[in-house]
1. Please specify each residue of segment 1-29 satisfying the condition of being touching a strand residue (DSSP E or B) at 6+ places or on another chain (Cβ under 8 Å), more than 13 Å from Tyr67 (Cβ to Cβ) and among the aliphatic types (A, V, I, L, M).
2. May I ask you to list pairs of residues, at least six apart or on different chains, whose Cβ atoms are under 8 Å apart, with the first in segment 90-109 being over 15 Å from Thr28 (Cβ atoms) and without any contact (Cβ under 8 Å) to a residue 24 or more places away in the chain and the second being of a type in the set (Ser, Thr, Tyr) and surrounded by fewer than 15 Cβ atoms within 10 Å (Cβ to Cβ)?
3. If Phe31 passes every condition in (1) at pLDDT 85 or above; (2) under 26 Å from Tyr106 (Cα atoms) but one, which one does it miss?
4. Filtering segment 57-74 down to residues that are at pLDDT 70 or above and in contact with a strand residue (DSSP E or B) (Cβ under 6 Å, 6 or more places away or on another chain), which residue is nearest to Leu116 (Cα to Cα)?
5. Based on what the data block shows, is Asp54 modelled with pLDDT of 90 or more and under 21 Å from Gly4 (Cα atoms)?
6. I need a count of the residues in segment 105-121 that are within 16 Å of Arg74 (Cβ to Cβ) and either in a loop (DSSP other than H, G, I, E, B) or touching a Ser or Thr at 6+ places or on another chain (Cβ under 7 Å) (or both).
7. Out of all the residues in segment 1-21, which are crowded, with 16+ Cβ neighbours inside 10 Å and on the phi < 0 side of the Ramachandran plot?
Amino acid sequence: MGYGKLAGLHLDPASGEMSVEFVVDDSTLAFQPIYGEGDDRVLVVSDMVPDDPDKAGAAMVMGGASYKERVTWRDPTTGEILAASDLLPPLTFGSLLVPGYGGRVYYPTGDGFITLQVRPK
């Protein structure tokens with residue numbers, strides 16, 4: 001929390017060695033789930049976007065700055081954004097972007113849930 005970075009790590013189960021796969025700019029206070037199987041996995045994570053670009057990460061939240069969040073669907077091996085939502089109200093702290101039927105994601109806010117689903121272009 002607070003660094004404004006999201007990293008993907010690889011743990012080799014045979015050797016126990018760990019390596020960094022990617023590091024990208026992203027600020028979130030939410031859990032970072034990977035959904036799917038095999039080559040169809042996707043990393044679903046929020047990205048906090050400050051109203052004031054000079055405040056980011058922990059400074060944004062702890063300083064009481066206002067911000068919005070977007071949900072990103074990323075390639076879990078590269079961190080590349082595959083899809084992204086519009087800007088939304090902030091998530092509740094420590095939330096999980098909850099998976100739903102048919103690829104839906106439930107986004108919890110202080111006012112309830114927003115249902116999101118990636119659709120083909």
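The values are calculated or read from the model by the stated rules, or taken from the named source; none is laboratory data. Because the structure is predicted, anything quoted here is derived from the model rather than measured. Note that we place each Cβ from the backbone using ideal geometry, even for glycine, and neighbour counts take in every protein chain shown.
1. Leu6, Ala7, Leu9, Leu11, Met18, Val20, Val23, Val24 - these are the residues of segment 1-29 that are touching a strand residue (DSSP E or B) at 6+ places or on another chain (Cβ under 8 Å), more than 13 Å from Tyr67 (Cβ to Cβ) and among the aliphatic types (A, V, I, L, M).
2. Gly100/Thr115; Arg104/Thr115; Tyr106/Thr115
3. Of everything listed in (1) at pLDDT 85 or above; (2) under 26 Å from Tyr106 (Cα atoms), Phe31 misses just condition (1).
4. Step by step, filter segment 57-74, then rank; the result is Val71.
5. No, not satisfied.
6. Total satisfying the criteria: 2.
7. Leu6, Gly8
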